[in-house]
Amino acid sequence: MSILTLSYEPLHVFWQEDRLIPKDLPDLDGVNHLDLSLDEQRLGDSLQVFADLLFVVDEKGSILDCRFGDSAAYSEACEQVHSKGLNDILSTEARDRLRQYLSEQRQPTKPASFEFPLMLGGRELWFDARLVGASNSQLILSARDITKYKQTEYRLKRQLQRISALRSIDFAIASGLDLNLLLSILLDRVIETLRVDAADVLLLDPKLNELTYAAGKGFRTNILQHTRLRPGQGHAGKVALERRIVTISDLTKGNTDFERLPLFPSEKFIVYFGVPLIAKGRVLGVLEIFHRSPLHADEDWMDFLNIIAGQTAIAIDSAMMFKELQKANFELSLAYNATIDAWSRALDLRGKETEGHTRRVTDLTTRFATLLGVKDSDLLHIRRGATLHDIGKVAIPDEILFKPAPLNQDEWQIMRQHPKYAVDLLSPIKYLEKATEIPHWHHEKWDGSGYPDHLGGEEIPFSARLFALVDVYEALTSDRPYRKAWAKQDAIHYIENQAGKHFDPRLVPEFLNLVNANGF
């Protein structure tokens, strides 16, 4: 679209014999044959509705004459429009609409409506136009100035876009995203809604008391990725120290902190904004914004900059808190597991003959559960349960626990109490609540003949059913005080025979496949 500075003379119309007629329309370079007896309905429709702008054009789209409704506002406009075509002043969309109209109607009878912008008097104006056919293959384009409505429309669209951006940030905060992913989303929204070329976030390391680069978008080089600034040092350091926005409207003039960066001129940045990121009274970092052309930051733009900086600070604070919580939970989980392993190790040390049994069944149980598709959260409880499966035996007298011969009936009655002792020991510990299934019920049998509660079939928790296979297999293939280890094939044959009796028949084939495939 050509940028025109247009002027005009007032458009005078009057009614003659119930017709709306242009008054004093001059000859136009020999084109003095404009038929003033145009179909009054077509001309009337055009001029009655739109009164701010009028073009008379030929069938090729060349402008023959123009009139504006306010001559004081657009001086000398018509002189510059003469000899130009509508294609020279219309937007691409408006030209396409005009082309379609002309191709569809060789003898135009119905008005074509479209909107288009014009640069007049140094500012962009929008018009809502109607194009109608006249005699002698001429066309009349009349338009109404709708600039203020377009400006309102732009403001509404901009506000909706900004609300959408803030909502996406809120969603990212609530989702507990990784800090790097969160910063990537935040910077996308900043660039999109503020319509700037590049932005980055520098985070303040409280231990080192330094601003370091965390994320950036829109840069052509990696000039800022090694940034390390103390509060008060450079523009960003000044932002962090003084807790206020720093603005540089022209980076090409005067001395700036970025002159220390050799590649910075290749970025061709002109405008800089540094905004402190403050949450709960703490400076978390600095949001830096760069633009490669002059930027008119009006009050509305600055207000939104402050809002999105505040949201960014909240998002960073939330992500950092979540990361710290994850770290604390991980360390706590390690401490829990270390305590559990210590209990198990103490039990193994108590009986040298069974030393290593707990570690072996725990590893094999974890492999088996993974093979069966157990999700990670449940796998944690299964591993802990396997590690603690015999914890109740700490309450069994040594003369029974380590007897080098089969137990008698009374001794078995005492031995069969160890699942109950395990529950008594573990139930007060909240984080082991789901892990007690294996210590409690791993001696139950599929046919209901096990102990302590004589559960049968799927009444037995899944974790206890899968562990029972591992525990029996490992016990059979290990030396005990009262017998030697069985051969692997004998143990496999026993487990096959106990499918549907001792063991869940659906789990037996899966377990034996695991044993055979991995050489256990």
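Remarks
- Exactly one residue out of F258, F290, F269 is more than 18 Å from I191 (Cα to Cα), assigned by TED's automatic domain parsing to the domain that holds T212 and touching a Phe, Trp or Tyr at 6+ places or on another chain (Cβ under 6 Å), and it is F258.
- Test: S463 is surrounded by 16 or more Cβ atoms within 10 Å (Cβ to Cβ), in contact with a Gly (Cβ under 9 Å, 6 or more places away or on another chain), touching a residue at least 40 places away in the same chain (Cβ under 8 Å) and not in a loop (DSSP other than H, G, I, E, B): yes
- With respect to (1) hydrophobic (A, V, I, L, M, F, W, C); (2) closer than 21 Å to A405 by Cβ; (3) surrounded by fewer than 16 Cβ atoms within 10 Å (Cβ to Cβ), the lone exception for A487 is condition (2).
- Output for region 373-401, where each listed residue is touching a residue at least 60 places away in the same chain (Cβ under 8 Å) and surrounded by 15 or more Cβ atoms within 10 Å (Cβ to Cβ): H381, I382, G385, A386, H389
- Whichever residue in region 187-207 is at pLDDT below 90 and in a loop (DSSP other than H, G, I, E, B) and, among such residues, is nearest to the chain's Cα centre (by Cα): R195
- Filter result (part of a helix (DSSP H, G or I), farther than 21 Å from D363 by Cα and not polar (S, T, N, Q)) within region 373-413: V394, A395, D398, E399, I400, L401, D410, E411, W412
The values are calculated or read from the model by the stated rules, or taken from the named source; none is laboratory data. Since the model is a prediction, treat every value here as computed from it, not as a measurement. Every residue, glycine among them, receives a Cβ derived from its backbone with ideal geometry; neighbour counts consider all protein chains shown.
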